[in-house]
Amino acid sequence: MSLDYVKFSGGFEKFMPKEYRDMVEHGPFGKKISVSQMGSFKEILEEHPMCAGCAMTLFIRLAIIAFPNPEDTITVGTAGCGRLAISQAAIPFVYGNYGDQNGVASGLSRGLRLRFGDKPKDVVVMAGDGGTADIGFQQVLHSWFRKERFTTIMLDNEVYGNTGGQESGMTNRGAVLKMAPLGKKFEKMDMLQMAKVAGCAYVATVVPNNPRRVESVIKKAVLIAREVGSTYIQAYTSCNIEYAIPTDKVMEDAKTVENDRYQFTEYVSDEAKQYLTERYGYKDYLPKPAAPAAAIPNKA
Amino acid sequence: MYLVANIDVEICAAKSCKLCTQYCPEANTILYSEEMGKDKGFKYGSAYVAVDRCKGCAQCVWVCDNMAKNNAIKMIMIDQLPLAAITDNVTYGEKSTVAVLSDPMVVG
Ligand SMILES: Cc1ncc(C[n+]2csc(CCOP(=O)(O)OP(=O)(O)O)c2C)c(N)n1
Ligand code: SF4
Ligand code: SF4
Ligand code: SF4
């Protein structure tokens with residue numbers, strides 16, 4: 001896609017739906033926008049059928065705002081709740097069969113590189129915990145071992161939400177769900193460690209109750225995936241239906257879970273640090289100035 | 001009948017922190033107008049809800065009460081709205097990216 005995609009064809013302007021006109025006139029394409037400007041530009045994400053108050057919806061909303069070049073981004077998804085929203089955005093979306101998403105994204109990102117050369121075309125996979133850590137596990141891991149250059153985002157609601165409450169590998173031990181009535185017997189999978197072992201250049205955990213942090217990790221992950229290698233973000237995105245969280249308590253729950261098992265963590269490989277610093281002017285990874293030598297106590 | 005979020009312009013415009021839209025799960029739903037509240041002497045404008053996109057989750061109420069500590073948002077029945085910002089009537093300023101209510105519609 002290019003910026004021409006979001007222009008009116010001559011003479012059609014007044015026949016276009018309002019949402020499209022807003023997108024052309026006040027959308028974020030080709031501009032630098034940030035979460036602090038939310039509410040004053042037309043967002044790429046449109047209306048969709050995900051549940052009221054779903055934290056996954058909020059995360060997807062923030063993630064799409066954070067894409068560094070939305071006009072050059074293609075999202076890939078799979079079965080699960082998230083695709084209901086991701087597919088309703090004004091950027092191309094590819095629907096992989098359940099679990100195929102990282103295979104599809106591998107082919108797509110390689111194809112885009114052949115076709116467009118150095119011009120960055122960002123591929124971002126967003127899939128549920130079931131799609132990523134269970135059904136898609138093999139393809140996810142192999143894409144990382146091959147260092148495929150795209151971003152994988154796990155929308156971790158710790159359950160199969162779309163199909164009514166089966167346990168996933170990411171469900172916590174002991175959690176009782178509609179279709180795990182005796183409680184899960186095994187530990188939550190450590191996908192973060194697996195991502196590091198498999199060679200991802202960037203691995204981060206994030207919760208949606210910190211919009212600026214969501215923005216920052218998504219940007220870094222997408223930029224690093226352009227040249228350095230695979231990047232992985234694991235986001236806690238609660239399912240208020242399967243975990244019976246009242247919708248006005250969703251942010252409180254996110255805070256509790258953040259403190260319990262979703263503290264912010266970020267791993268950036270040395271190569272990725274150097275790349276962010278040299279290519280995109282990040283200052284966070286410059287060597288810290290040496291601390292001034294501690295004053296020697298004056299013993300009188 | 002169903003509930004939607006309603007923002008009290010006078011209470012919001014006194015603070016206008018823009019937190020609620022960053023936490024509303026729905027896109028393009030809590031918008032900002034730099035004009036709203038100016039007639040009453042407020043400087044920074046107010047948030048407002050495009051109610052036909054609002055799913056009634058009340059997360060914004062929690063955010064305004066607990067994070068902004070401003071209590072500007074209440075859930076009310078759609079037919080009790082004095083002015084409904086039906087999305088068709090919500091537009092964006094011509095020259096800026098500031099959202100404004102072009103023609104608030106009276107429901108009821
Ligand atoms: C091959 C295949 N098996 C099973 C399904 C049925 N199915 C659809 S969504 C889903 C579970 C999704 O769970 P998860 O990936 O955790 O995403 P969530 O809905 O929780 O966001 C399943 C099993 C399918 N669509 N395709
Ligand atoms: S079922 Fe759960 S994860 Fe899916 S849209 Fe509803 S609240 Fe969100
Ligand atoms: S959180 Fe409350 S005070 Fe802040 S912008 Fe929203 S309505 Fe206004
Ligand atoms: S009630 Fe929910 S959907 Fe409606 S404006 Fe508030 S946060 Fe958004």
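The values are calculated or read from the model by the stated rules, or taken from the named source; none is laboratory data. From a predicted model like this one, the values you see are computed outputs, not experimental measurements. When we count neighbours, we look across all protein chains shown, and the Cβ atoms used for this are built from the backbone with ideal geometry, even at glycine. Note: areas computed on protein heavy atoms with side chains; ligands, DNA, RNA excluded. Shrake-Rupley method; radii C 1.70, N 1.55, O 1.52, S 1.80 Å.
In the range A:189-208, is there at least one residue being within 14 Å of another protein chain (Cβ to nearest Cβ) and closer than 26 Å to residue A:242 by Cβ?
yes
So that you can scan it fast, the table gives a plain yes or no per residue for (1) farther than 16 Å from residue A:132 by Cβ; (2) away from ligand 2 (no atom under 16 Å from the Cβ):
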residue	(1), (2)
A:74	yes, yes
A:88	yes, no
A:93	yes, yes
A:97	no, yes
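Hey, does the range A:56-65 have a residue that's in contact with a Lys or Arg (Cβ under 7 Å, 6 or more places away or on another chain) and at pLDDT 95 or above?
No: the range A:56-65 contains no residue that is in contact with a Lys or Arg (Cβ under 7 Å, 6 or more places away or on another chain) and at pLDDT 95 or above.
Please state which one of A:161, A:169, A:130 is surrounded by fewer than 21 Cβ atoms within 10 Å (Cβ to Cβ) and at pLDDT 95 or above.
Testing whether each residue is surrounded by fewer than 21 Cβ atoms within 10 Å (Cβ to Cβ) and at pLDDT 95 or above leaves just A:169.
Select from the range A:227-249 the residues that are within 14 Å of chain B (Cβ to nearest Cβ) and touching a Gly at 6+ places or on another chain (Cβ under 6 Å) and write down the one among them that is farthest from residue A:271 (Cα to Cα).
Ranking the candidates gives A:247 first.
Check off (1) assigned to a loop (DSSP other than H, G, I, E, B); (2) open to solvent by less than 30 Å² (accessible area, probe 1.4 Å); (3) farther than 16 Å from residue A:149 by Cα for residue A:200 and give me the number that stays unchecked.
For residue A:200, the failing item is (3).
Of all residues in the range A:27-50, which are more than 8 Å from every other protein chain (Cβ to nearest Cβ), closer than 20 Å to residue A:81 by Cα and open to solvent by 30 Å² or more (accessible area, probe 1.4 Å)?
A:49
Could you figure out which of (1) more than 14 Å from chain A (Cβ to nearest Cβ); (2) open to solvent by less than 70 Å² (accessible area, probe 1.4 Å) isn't true of residue B:75?
(1)
Does residue A:242 satisfy the condition of being more than 17 Å from the chain's Cα centre (by Cα), away from ligand 2 (no atom under 16 Å from the Cβ) and in contact (Cβ under 8 Å) with a residue 60 or more places away in the chain?
In short, no.
Hand me the list of helices (runs of 4 or more DSSP H) wholly inside the range A:81-153 holding 2 or more residues that are hydrophobic (A, V, I, L, M, F, W, C) and closer than 19 Å to residue A:235 by Cβ.
Passing ranges, in order: A:83-86, A:137-145.
If you go through the range A:7-52, how many residues are outside any loop (DSSP other than H, G, I, E, B), hydrophobic (A, V, I, L, M, F, W, C) and over 24 Å from the mean Cα position of the chain (by Cα)?
Going through the range A:7-52 one residue at a time, the tally reaches 2.
Grab the helices (runs of 4 or more DSSP H) fully contained in the range B:1-78, keeping just those with 1 or more residues being in contact with a strand residue (DSSP E or B) (Cβ under 6 Å, 6 or more places away or on another chain) and either closer than 23 Å to residue A:85 by Cα or among the acidic types (Asp, Glu) (or both).
Qualifying helices (runs of 4 or more DSSP H): B:20-23, B:59-62.
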